[in-house]
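Bear in mind that the values in this text are calculations on the coordinates, not laboratory data. Since the structure is predicted, the reported quantities are computational estimates derived from the model, not experimental observations. With ideal geometry, Cβ positions are generated from the backbone for all residues, glycine too; neighbour counts draw on all protein chains shown.
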């Protein structure tokens with residue numbers, strides 16, 4: 001009976017741990033996933049743009065709807081691991097009941113219960129990994145940019161470019177690495193998450209590139225005064241947004257005219273103009289924002305301000 005008591009205690013601990021884990025899984029994660037720097041993670045998405053704006057927007061809406069439909073269809077299985085878990089408890093109690101009656105316990109039913117608990121745990125982890133994360137706010141933001149600019153497109157033409165929301169800290173997006181005097185490595189990530197080209201109704205050609213630049217210091221070993229080594233974790237060193245705008249001006253319609261409100265080192269919304277050239281009838285602008293995030297309204301407002309450099313010729 002003492003051996004049975006010890007087994008009951010151990011089994012009780014396992015049962016309680018499994019129960020709370022499965023209960024948490026059954027309630028869904030609620031899209032609270034974050035990376036090691038506490039930044040919220042989103043569903044990775046990459047979309048090539050080469051179509052008319054309405055078709056692109058319909059495709060983006062359809063993709064999001066199908067992703068949510070797939071997750072919803074899997075929700076009906078969310079409570080299955082809990083049912084398997086309780087079935088395992090039922091099997092384990094058979095051996096306990098036999099022991100309480102004074103008969104020799106074979107632990108066959110208890111072993112079966114453990115197998116069912118393991119199956120419930122594996123299924124719960126699988127369901128947890130299949131949960132859909134939220135789509136990035138940029139996903140909706142890009143749709144609004146396309147929707148706003150669609151009326152400015154030249155009839156019969158389409159947008160060209162891409163939307164890259166796969167993540168700003170991928171190894172493939174490392175642009176440069178530096179080392180300080182203590183041999184600590186800092187990586188600079190370059191993430192062009194939006195690239196857009198369009199021929200406009202007025203004959204201008206517009207190019208827009210939104211880039212997120214992020215710094216991250218790698219983990220490293222630090223030796224203390226006592227001689228012990230300690231692993232220091234990775235550290236997020238901040239990020240900023242860049243916006244590159246290129247307008248090939250139609251000389252038959254516009255002349256370029258500089259003004260004081262949109263000029264070098266001027267603040268335009270969340271951006272500051274760092275480079276501005278107009279050589280050869282082509283406007284090239286580089287604007288930098290110290291904010292980690294800028295919205296579609298900030299980008300659209302900047303594009304509208306950039307057009308203040310153009311003066312329509314008299315008919």
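Under a crude label model (7 Å from the Cα following the beta-carbon direction), how far is residue 218 from residue 46 in nanometres?
2.3 nm
Based only on other Cβ atoms within 10 Å, what is the fewest-to-most ordering of 68, 184?
68, 184
Please arrange 283, 80 by how many other C-beta atoms lie within 10 Å of their C-beta, fewest to most.
Numbers: 283 20, 80 14.
Least crowded to most crowded, the residues run 80, 283.
For the stretch 181-219 and the stretch 252-315, what is the separation of their Cα centres, given in Å?
Their Cα centres are 18 Å away from one another.
Between residue 62 and residue 154, what is the spin-label point distance in nm, taking each point 7 Å from the Cα along the Cα→C-beta axis?
Going by the 7 Å Cα→Cβ label model, 2.8 nm.
If all Cα-Cα distances of the stretch 183-264 are sorted into 10 Å bins from 0 onward, what percent lands in each bin, rounded to whole numbers?
Percent of pairs per bin, in order: 14, 25, 22, 15, 11, 8, 4, 0.
Could you sort the peptides 227-236, 213-222 by per-residue average Cβ neighbour count (10 Å cutoff), highest mean leading?
Ranking, from highest mean packing down: 213-222, 227-236.
Over the stretch 243-315, what portion of Cα pair distances is larger than 22 Å, expressed as a whole percent? Intermediate values should be presented prior to the final figure.
Values: 560 of 2628 pairs.
Of all Cα-Cα distances in the stretch 243-315, 21 percent exceed 22 Å.
Kirkwood Rh over Cα pairs of the stretch 137-312 into Stokes-Einstein at 37 °C, 0.692 mPa s: D in µm²/s?
Result for D is 179 µm²/s.
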